[in-house]
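Read through the structure below, which is laid out as structure tokens, and then see the notes.
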Amino acid sequence: MAKILISPIGTGRKMGIREYGLARYKFDGDDKFYETSFISAAIAEHLTVDRIIFVGTAKSMWEEIYRYFTEEAGEELDIEHWVELGELSSSSNSKEALIDKRILRRTMDSVDRYLKKNNINASGGSLPILIRYGLDKDELWQNFDLFMKIIDTLDYDDEIYLDITHSFRSIPLFMYLMMDFIQTLGHRNIRLRGLYYGMLEASADMQYAPIVDLNPLFQISKWIKATYDFVNYGNGYMISKLVKDREIADNIENISELVNINYL
């Protein structure tokens with residue numbers, strides 16, 4: 001069993017500046033603050049994850065991933081490699097991808113060493129997933145196929161944590177479809193354990209960006225499917241399983257208030 005974080009990356013929050021600004025993150029119920037430009041680092045440290053799967057286009061700021069995690073691992077940055085990554089990434093576009101997995105191998109090795117520094121038992125095996133822009137139906141299907149192939153990299157009983165803070169707004173939808181497929185079919189007993197969003201917009205008001213776990217919203221979809229199966233087919237197995245699941249048993253009362261029991 002491994003803890004795996006899937007985290008998208010973009011090109012930066014400001015035009016022409018290929019980096020994320022430094023933010024002060026905080027998890028609910030935890031007094032610790034995480035000051036970092038990458039929320040993936042805050043989540044990885046908080047959860048002691050084993051590996052990270054980064055999702056981005058060829059134009060995403062892969063050079064900053066390399067720089068940040070190399071330096072945070074306490075290692076010396078290869079300036080020439082960093083510059084090369086930056087030039088290739090920034091020169092890529094929707095029609096021409098100059099970055100591939102081979103070039104990003106050193107970057108992922110740096111990520112693994114960073115994870116080992118925070119968790120000596122981390123399994124490693126971080127990966128880059130290079131998606132298309134999703135500008136038309138063909139590219140959307142290509143991206144869907146890439147996300148579904150992530151399943152092949154997962155093992156039995158793995159725990160998945162999703163970060164939906166940055167990059168294209170379409171990425172969380174692909175993540176949802178992937179996890180919905182996995183959990184509906186009970187594939188390898190893989191479970192979604194966290195769906196995190198860093199609320200950078202709240203920083204001005206709260207002096208930090210709260211990291212919110214939206215996983216309860218994903219759990220509601222399970223109840224919808226379970227109710228549908230029971231009403232239409234008399235199949236109560238899924239509802240029975242949900243009721244016995246201690247993590248969501250407390251949601252029963254809230255769901256009952258939203259759904260009139262007479263419909264059942």
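The values are calculated or read from the model by the stated rules, or taken from the named source; none is laboratory data. No experiment lies behind these values; they were computed from the predicted model shown. So basically every Cβ, Gly included, is an ideal-geometry build from the backbone, and we count neighbours across all protein chains shown.
I need a count of the residues in region 169-195 that are part of a strand (DSSP E or B) and among the polar types (S, T, N, Q).
Qualifying residue count, region 169-195: 0.
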Filter region 196-216 for residues that are touching a Lys or Arg at 6+ places or on another chain (Cβ under 8 Å) and assigned to a loop (DSSP other than H, G, I, E, B); the one that is modelled with the highest pLDDT is Tyr208
If we scan region 221-237, do we find a residue that is modelled with pLDDT of 75 or more and under 30 Å from Ala23 (Cβ atoms)?
yes
Are there any pairs, at least 6 apart or on different chains, whose C-beta atoms fall under 7 Å, with the first in region 68-82 and under 12 Å from Arg113 (Cβ atoms) and the second charged (D, E, K, R) and in a helix (DSSP H, G or I), and if so, which?
Ala73/Arg113; Ala73/Lys117; Gly74/Lys117; Glu75/Arg113
Filter region 54-86 for residues that are assigned to a helix (DSSP H, G or I) and aliphatic (A, V, I, L, M); which is nearest to Lys149 (Cα to Cα)?
Ile65
So which residues in region 106-165 are within 18 Å of the chain's Cα centre (by Cα) and among the acidic types (Asp, Glu), if there are any at all?
Asp112, Asp145, Asp152, Asp155, Asp157, Asp158, Glu159, Asp163
Output the residues belonging to region 1-46 that are under 23 Å from Asn121 (Cα atoms), within 13 Å of the chain's Cα centre (by Cα) and touching a residue at least 60 places away in the same chain (Cβ under 8 Å).
Lys3, Ile4, Leu5, Ile6, Ser7, Ile39, Ser40, Ala41, Ala42, Ile43, Ala44
